[in-house]
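Let me begin by presenting the structure, written as structure tokens, before commenting on it.
The values are calculated or read from the model by the stated rules, or taken from the named source; none is laboratory data. The model shown is predicted, which means the values in this text are computed figures rather than measured ones. Positions of Cβ are generated from backbone atoms using ideal geometry, with glycine treated the same way; all protein chains shown enter the neighbour counts. Ligands, DNA and RNA are excluded from the accessible area calculation, which covers all protein heavy atoms including side chains. Shrake-Rupley method; radii C 1.70, N 1.55, O 1.52, S 1.80 Å.
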Amino acid sequence: MSPIVFDNSYARLPEHFYAHVHPAKVPAAELIRLNGALAEELGVDAVWLGSSDGVALLSGNELLQGTEPIAQAYGGHQFGGWVPQLGDGRAILLGEIIAPDGARYDLQLKGSGRTPYSRGGDGKAAIGPVLREYILSEAMAALGVPTTRALAAVSTGELVQRETALPGAIFTRVARSHIRVGTFQYFCARNDVAALRQLADHAVARHFPEASAADNPYLAFLESVIAAQATLIAQWMHLGFIHGVMNTDNMTVSGETIDYGPCAFMDAFHSEKVFSSIDRYGRYAWSNQPVAGHWNLMRLAEALSPLLADDTEEAKSLAETPVATFPELFNEHFTQGFHAKLGTDPSAVDEAFLTDTLAMLAEEKVDFTLFFRHLTKVAAGGTSENLARLFDHEEVFDAWLVRWREQSRGTEDAAAARVRGMQSANPIRIPRNHRVEECIQQAHDGDYTAFHRLVDALQEPYADLPEFADLERAPKPGEVVCRTFCGT
Ligand code: AMP
Ligand code: MG
């Protein structure tokens, strides 16, 4: 019997949803890291996966009985411009697994060579983006944010040509699905209503089965995606995360974070912070993420509109209500989450407190993560020394602290509950850019020590672990990384 049992529901959809492809063989596959805990969750034998047969699968060198490798077709708006044909140019879906808990997961190789959607690209991945995605996506999972996962990273023994020749690697991504807003747009743009319906039925069954019982299942589906994205984007922002490339092809309908290209967690806070070298106008800046998300969801509503009603005007008016609720829905999550981080009571606090706090953090260039973590210690009865040290101007901090104390008053029970809330909302370790870069630089010399250590350290981001104290630290002025690159 095959060590992994596949059940490939996407490959059972019509042929024009994807292209059959074959992963390219690589000369010398070597396992860099395997996510044993995730393998277990998937019901896959981690020992087998780490064996030479397992690595042959993870490198695309050998397929298993039951795999049906395909590249999925999709389109998308990239930085606002419509691209009718994108698709998996650098990714190959091997198949789907049903985990012991009944959940269905895609198993996808990234960097396994060209597909019909590769356009000018080579379909390969360099070690840098592979390690970045491994570190970032696993950190997100540990932080409690819905995300695609990292099952493995494998080096290929070949060089890929970017600006320079770099060591090649393959990343195994696990996701609830890879269905994107852009997948719906792809069929809508082709006026292929039958395909649109099949895709929507597939996505409903997979992600929001309860929507199928609604009067208008496709409208209920749209509402569910909107709700999932409102929560997701708020969660990113609570952690200072900037996705960097929120094109419609990089937004899942499952509500999982996908595409860890030029993303970053910020060190010093600024609401307009951008890292991506290609985001020249700040379209996907930290504070613009809900705006970008809303815009993408409007595109989803348009793409679904042939399914919502026979009459175009009626479809439009049906979609308007859920789409219009997004900003409010987002704001609720956003505000609630920041109250949890600040330990303030949303019903008692004055409305300007949160905006004033964020403005002050930006003004004083305060490290976002350390600020909330040190504040948590103060709330728990500790001294405010460490917190004060994050500020340039003592008087600014002192005045703020007085105001915060006023906003966080309450009974003893309420205070204790708030401290617990702060402890689970304010991590001590995030994948800081300079640390991620350090891992990549080392890996270019064949050394994965820093990478393994960082991944290990980020598995419990809320726990004080003295052995990882150096990874908590904000970058020194000379260490700050201001730009990130897709690396494709
Ligand atoms: P991204 O910016 O990573 O979302 O990718 C946008 C599009 O470019 C997708 O269709 C990718 O499959 C494709 N792409 C990115 N990198 C490569 C590559 N190295 N080779 C082929 N296609 C790629
Ligand atoms: Mg993408």
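Just to verify a number: what accessible area does residue 130 come out at with the full protein assembly present, 1.4 Å probe, Å² rounded to tens?
10
Amide H of residue 160 versus every other amide H placed in the peptide plane: which residues, excluding those fewer than 5 positions away on the same chain, fall under 5 Å?
For residue 160, the qualifying residues are 166, 168.
Order 341, 273, 377, most accessible first, counting only protein heavy atoms with a 1.4 angstrom probe.
Numbers: 341 5, 273 55, 377 90 Å².
Ranking 341, 273, 377 by accessible area, largest first, yields 377, 273, 341.
Counting only other residues whose beta carbon sits under 10 Å from that of residue 276, what net charge do I get with K and R as +1, D and E as -1? Show your work: numbers first, answer last.
Working: positive: 280, 283, 483; negative: 279.
Combined, the nearby Lys, Arg, Asp and Glu give +2.
Can you give me the distance in nm between label points at residue 352 and residue 470, each placed 7 Å from the Cα along the Cα-to-Cβ direction?
According to this spin-label approximation, the distance is 4.5 nm.
Cα centroid distance between the stretch 237-260 and the stretch 304-381, in Å?
The stretch 237-260 and the stretch 304-381 have Cα centres spaced 16 Å from each other.
In square nanometres, what is the average projected area of the Cα convex hull of the stretch 181-334?
On the way: hull surface 36.6 nm².
Taking a quarter of the hull surface, the average projection is 9.2 nm².
How big is the stretch 36-102 by the Kirkwood estimate over distinct Cα pairs, in Å?
Numbers: mean 1/r = 0.0703 Å⁻¹.
Kirkwood radius, the stretch 36-102: 14.2 Å.
For the stretch 245-361, what's the relative contact order in percent, using C-alpha pairs closer than 8 Å and at least 6 residues apart?
On the way: 77 pairs, mean separation 21.9, N = 117.
19 percent.
May I have the convex hull volume per residue, in Å³, for the Cα set of the stretch 323-460? Mind showing how you got there, number by number?
Working: hull volume 21.6 nm³, N = 138.
Given the Cα convex hull of the stretch 323-460, per-residue volume reads 157 Å³.
Taking a 29 Å limit on the Cα-Cα distance, which of the listed pairs 316/341; 124/316; 273/341 fall beyond it? Working shown, then result.
Details: 316/341 38 Å; 124/316 41 Å; 273/341 20 Å.
Exceeds cut-off: 316/341; 124/316.
Quick one: ranking 15, 96 by accessible area, 1.4 Å probe, largest first, what do you get? Don't skip to the answer; put the middle values down first.
On the way: 15 115, 96 0 Å².
My answer, sorted largest first, is 15, 96.
Answer rounded, prolate or oblate for the stretch 396-477, using the Cα gyration tensor with square roots of eigenvalues a ≥ b ≥ c: rounded when a/c is under 1.5, else prolate when a/b is larger than b/c, else oblate. Let's see the in-between values first.
Working: a/c = 4.61, a/b = 2.24, b/c = 2.06.
Since a/c reaches 1.5 and a/b is larger than b/c, the shape of the stretch 396-477 is classed as prolate.
Residues in the stretch 362-389 near a label at residue 395, defined as backbone nitrogen under 16 Å from the 7 Å Cα→Cβ point?
Once the point is set 7 Å along Cα→Cβ of residue 395, 364 turn out to lie under 16 Å by backbone N, inside the stretch 362-389.
From the C-alpha coordinates alone, can you work out the Kirkwood hydrodynamic radius of the stretch 10-175, in Å? Provide the component values of the computation, followed by the final result.
On the way: mean 1/r = 0.0614 Å⁻¹.
For the stretch 10-175, inverting the mean 1/r across all distinct Cα pairs yields 16.3 Å.
Quick one: check the C-alpha center-to-center distance for the stretch 1-70 versus the stretch 158-223, whole angstrom.
If you average the Cα positions of each part, the centres end up 19 Å apart.
Quick one: if you stick a label point 7 Å off each Cα along the C-beta vector at residue 438 and residue 62, how many nm between them?
It is 3.9 nm.
Report the FRET efficiency, 1/(1 + (r/R0)^6), for residue 51 and residue 5, where r is their Cβ-Cβ distance and R0 is 22 Å, rounded to 0.05.
Details: r = 18 Å, r/R0 = 0.80.
It comes to 0.80.
What are the semi-axes of the equivalent ellipsoid for the stretch 131-244, taken as the square roots of 5 times the Cα gyration tensor eigenvalues, largest first, in whole Å? Each step should come with its number before you reach the end.
Values: eigenvalues 209, 80, 34 Å².
That gives 32, 20, 13 Å for the three semi-axes.
Suppose we look only past 14 Å in the calculated P(r) of the stretch 316-360. What percent of the Cα-Cα pairs does that tail hold? Intermediate results must be reported in sequence, preceding the final value.
Numbers: 573 of 990 pairs.
Of the Cα pairs, 58 percent sit more than 14 Å apart.
Nearest 0.05, what FRET efficiency do residue 201 and residue 85 give at R0 = 30 Å with Cβ-Cβ as r? Don't skip to the end; give the middle numbers.
Working: r = 23 Å, r/R0 = 0.78.
Taking R0 as 30 Å, the efficiency between residue 201 and residue 85 is 0.80.
Obtain the radius of gyration and the Kirkwood radius of the stretch 276-375 from its C-alpha atoms and give Rg over Rh. The partial results should precede the final answer.
Details: Rg = 18.3 Å, Rh = 16.5 Å.
Expressed as Rg/Rh, it is 1.11.
List, in order, the whole-Hz ³J(HN,Hα) value for each residue of the stretch 115-128 obtained from phi through the Karplus relation with A = 6.51, B = -1.76, C = 1.60 and θ = phi - 60°; use x for Gly and Pro.
Couplings: 9, x, 9, 6, 6, x, x, 9, x, 9, 10, 8, 4, x Hz.
For the chain, take the longest principal axis of its alpha carbons; what is the angle in degrees between that and the long axis of helix 368-379, to the nearest 10 within 0 to 90?
50
Once phi is turned into θ = phi - 60°, what whole-Hz ³J(HN,Hα) does the Karplus curve with 6.51, -1.76 and 1.60 give for every residue of the stretch 470-476, x standing for Gly and Pro?
My calculation for the stretch 470-476 gives 5, 7, 7, 4, 6, x, 6 Hz in order.
Contour minus end-to-end for residue 447 and residue 99, with contour as 0.36 nm per residue of separation and end-to-end as the Cα-Cα distance?
Fully extending the segment from residue 447 to residue 99 adds 121.9 nm.
So, R0 is 51 Å and r is the distance between the beta-carbons of residue 189 and residue 385; what FRET efficiency does that work out to, to 0.05?
Details: r = 58 Å, r/R0 = 1.14.
Once the sixth-power term is evaluated, E becomes 0.30.
At 1.4 Å probe size, with no ligands or nucleic acids counted, give the accessible surface of residue 10 in Å², nearest ten.
The value for residue 10 is about 0 Å².
Helix-only mean residue ellipticity at 222 nm, the chain, DSSP H runs n ≥ 4 weighted -39,500 (n - 2.57), per residue, nearest 500. What is it?
Working: 16 runs with 210 residues, N = 488.
Calculated from helices alone, the mean residue ellipticity at 222 nm is -13500 deg cm²/dmol.
Once you treat every alpha carbon in the chain as an equal point and sum by Debye, what is log10 I(q)/I(0) at q = 0.10, 0.11, 0.14 Å⁻¹?
With no solvent term, the Cα-only Debye profile gives -0.78, -0.94, -1.42.
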